[in-house]
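Undergrad: What follows is a single structure, and I will ask about it in a moment.
Just so it is clear, none of the values below were taken in a lab; they were calculated from the coordinates. This one's a predicted model, so the numbers in the text were calculated from it and none came from an experiment. Reconstructed Cβ throughout: ideal geometry from the backbone, glycine too, with neighbour counts over all protein chains shown.
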Amino acid sequence: MKINVKFLGMLKLDGIKSGNDIEVRDGMTITDFMQQYVAKKEHHRFIIVMANEKKVGLSYELKKDDALSLFLPFGAG
């Protein structure tokens, strides 16, 4: 099934350009998605995830035509 993926900040996804549609398997959760596509595992716990403009948890199951947005906040001190 196809979803649209956008990401902001310092986040890097393997093989995905922000704003593109990608094909994912049926039943894929946010956890599955991050394990497959988010390059740096240490960033997983900090990523804010939204599906269709609503914040979702790691167990959210992706649906056809979802608009997935990921943001990795960063700061300096």
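Undergrad: Which lysines have a Cα less than 18 Å from the Cα of Lys40, not counting those fewer than 8 places away in the same chain?
TA: Straight-distance partners of Lys40: Lys6, Lys12, Lys17.
Undergrad: Please report the net charge: other residues with Cβ closer than 12 Å to the Cβ of Glu53, K and R +1, D and E -1.
TA: With Lys, Arg at +1 and Asp, Glu at -1, the net is +2.
Undergrad: To continue, here is another question. Please get the size of the charge dipole for the chain, origin at its Cα centre, with Cβ charges of +1 on Lys and Arg and -1 on Asp and Glu, quoted in debye to the nearest 20.
TA: Working: 12 positive and 10 negative charges, 44 e Å.
Roughly 220 debye, rounded to the nearest 20.
Undergrad: What percent do you get for the relative contact order of region 2-72 when only Cα pairs under 8 Å and 6+ apart count?
TA: Relative CO of region 2-72 lands at 45 percent.
Undergrad: Show me, for region 63-73, the HN-Hα J-couplings you get by feeding each phi into the Karplus relation (A = 6.51, B = -1.76, C = 1.60, θ = phi - 60°), rounded to Hz, glycine and proline as x.
TA: Working through the residues one at a time gives 10, 3, 6, 4, 9, 9, 10, 10, 9, 10, x Hz.
Undergrad: Give, as a single signed number, the net charge of other residues whose beta carbon lies under 10 Å from the beta carbon of Asp65, with Lys and Arg counted +1 and Asp and Glu -1.
TA: Here the count lands on +1.
Undergrad: For region 2-72, restrict the atom set to alpha-carbon positions and state the Rg and Dmax in Å.
TA: In Å, with Rg to one decimal and Dmax whole: 10.7, 28.
Undergrad: Using a 10 Å cut-off around each Cβ, can you sort Phe7, Phe74 from fewest to most neighbouring Cβ atoms?
TA: Exposure proxy ranking, most exposed first: Phe74, Phe7.
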